[in-house]
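The next block holds one structure in the form of structure tokens; read it before the comments.
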Amino acid sequence: MKIVVIGGTGLIGSKLVQKLRADGHDPLAASPATGVDIITGQGLSEALAGAQVVVDVSNAPNWGDAEVMDFFRTSARNIASAETAAGIGHHVALSVVGTDRLQGSGYFRAKLAQEETIKAAAIPSTILRATQFFEFIGRIADESTEGNTVRLPSALMQPVAADDVAAALARVAEGEPVNGIVELAGPEPIRMDELARRLLSATHDARQVTADVHARYFGAEVNDQSLTPGDNPRIGPTRFAEWLSKSAA
């Protein structure tokens with residue numbers, strides 16, 4: 001199949017393109033770097049010509065409340081319109097486990113708006129909600145740093161490797177639309193402060209991690225249910241310790 005990967009030059013997108021090509025498909029990486037702009041629509045119709053599946057793994061360049069909402073709403077509408085014109089049979093989108101529970105965050109309000117736009121469109125679809133990537137833990141720590149201290153809630157997470165996200169997206173893209181949500185998580189729940197502590201220790205970062213019940217996750221209050229999957233999620237095989245040993249090396 002010709003499968004268009006929107007955001008195909010980013011972390012997840014580039015891995016997905018490689019996986020789809022290895023599986024014998026004809027993936028096309030669509031991003032501003034390849035002349036496709038999902039906000040203006042430039043190059044979008046040309047990219048989708050002859051495709052059977054579209055996978056959207058794009059992310060907003062600016063996470064301000066108004067900017068991120070505009071990005072996800074506008075891009076979802078533009079993609080749906082172009083898909084309808086091109087006769088796309090399956091739209092796959094990458095979202096986040098807990099999106100509907102994290103509405104205190106402008107980012108997650110925008111992700112929910114994106115999901116709702118996808119569901120309202122006429123294109124058969126599958127939304128893969130993944131937990132936080134191992135590769136994202138460093139950004140979480142940076143966003144929560146005050147001086148030499150990283151203040152994070154001790155809420156449980158069940159993070160997943162980016163490679164496992166790309167593999168799961170490939171399986172979804174190769175399958176039939178479910179017209180609903182599929183969840184993906186890593187193999188083990190770990191507390192957020194512990195994840196950051198282990199990452200900083202492995203990378204010889206001198207910052208100190210403190211568990212703070214009042215700390216927020218990108219503007220939202222979280223508990224042990226906020227960032228963990230529901231019943232019967234798909235499970236990526238890579239454990240944090242395995243990923244961390246390779247990443248630190």
>> Run the simple label-point estimate for T9 and E143 please: 7 Å along Cα→C-beta, distance reported in nm.
In response: 2.4
>> Rounded to the nearest 20 debye, what is the charge dipole size of the chain about its Cα centre when +1 sits on each Lys and Arg Cβ and -1 on each Asp and Glu Cβ?
In response: 200
> On the first, second and third principal axes, largest extent first, how far apart are the outermost C-alpha atoms of segment 130-222 in Å?
Replying inline: 49, 28, 20
> Where does the chain land at 222 nm, in deg cm²/dmol rounded to the nearest 500, when only DSSP H runs of n ≥ 4 count, each adding -39500 (n - 2.57), divided by all residues?
Replying inline: -11500 deg cm²/dmol
>> List the lysines whose Cα sits under 24 Å from the Cα of K119, skipping any in the same chain fewer than 8 residues away.
In response: K2, K111
> Using 0.36 nm per residue, how much length does the chain from V178 to R101 gain when fully extended, once their Cα-Cα distance is taken away?
Replying inline: 25.5 nm
>> Output needed for segment 1-72: three equivalent-ellipsoid semi-axes, defined as square roots of 5 times the C-alpha gyration tensor eigenvalues, in descending order, whole Å.
In response: 23, 14, 9
>> Quick check: net charge around I123, other residues with Cβ under 15 Å of its Cβ, Lys/Arg +1 and Asp/Glu -1?
In response: -3
> Contour minus end-to-end for R239 and N62, with contour as 0.36 nm per residue of separation and end-to-end as the Cα-Cα distance?
Replying inline: 60.7 nm
> How much of the DSSP beta bridge set in the chain is antiparallel, as a percent to the nearest 5?
Replying inline: 15
> What is the ratio of the Cα radius of gyration of segment 45-176 to 2.2 N^0.38 Å, where N is its residue count, to two decimals?
Replying inline: 1.15
>> Please report Rg (one decimal) and Dmax (integer) in Å for the Cα set of segment 143-194.
In response: 15.8, 49
> Taking Cα centroids, how far is segment 130-169 from segment 173-198 in Å?
Replying inline: 11
> Between T210 and R21, what is the spin-label point distance in nm, taking each point 7 Å from the Cα along the Cα→C-beta axis?
Replying inline: 4.8
> Ordered by residue, what ³J(HN,Hα) values in Hz, to whole numbers, does segment 227-239 give under the Karplus form 6.51 cos²θ - 1.76 cosθ + 1.60, where θ = phi - 60° and Gly and Pro are x?
Replying inline: 10, 10, x, x, 6, 6, x, 6, 10, x, x, 7, 8
> Over segment 141-222, what percent of the accessible surface lies on carbon and sulfur atoms, probe 1.4 Å?
Replying inline: 43
>> I need two numbers for the chain: Rg to one decimal and Dmax as a whole number, Cα atoms only, in Å.
In response: 18.0, 53
> Using the Cβ atoms and a cut-off under 11 Å, what net charge is assigned to the surroundings of D193, where Lys and Arg are +1 and Asp and Glu are -1?
Replying inline: +2
> Which Cα, out of T149, F108, A121, lies furthest along the positive dipole direction of segment 99-153 (beta carbon charges, K/R +1, D/E -1)?
Replying inline: A121
>> Test of understanding: extend the Cα→C-beta vector of T203 to 7 Å, then name every residue of segment 212-226 with backbone N under 18 Å from that spot.
In response: 218
> Excluding ligands and nucleic acids, what accessible area in Å² is computed for D212 using a 1.4 Å probe, to the nearest 10?
Replying inline: 40
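The values are calculated or read from the model by the stated rules, or taken from the named source; none is laboratory data. Everything numeric in this text was worked out from a predicted model, so none of it was measured. Cβ sites come from the backbone with ideal geometry, for glycine too, and all protein chains shown count toward neighbours. In case anyone asks, the SASA skips ligands and DNA or RNA and just uses the protein heavy atoms, side chains included. Shrake-Rupley method; radii C 1.70, N 1.55, O 1.52, S 1.80 Å.
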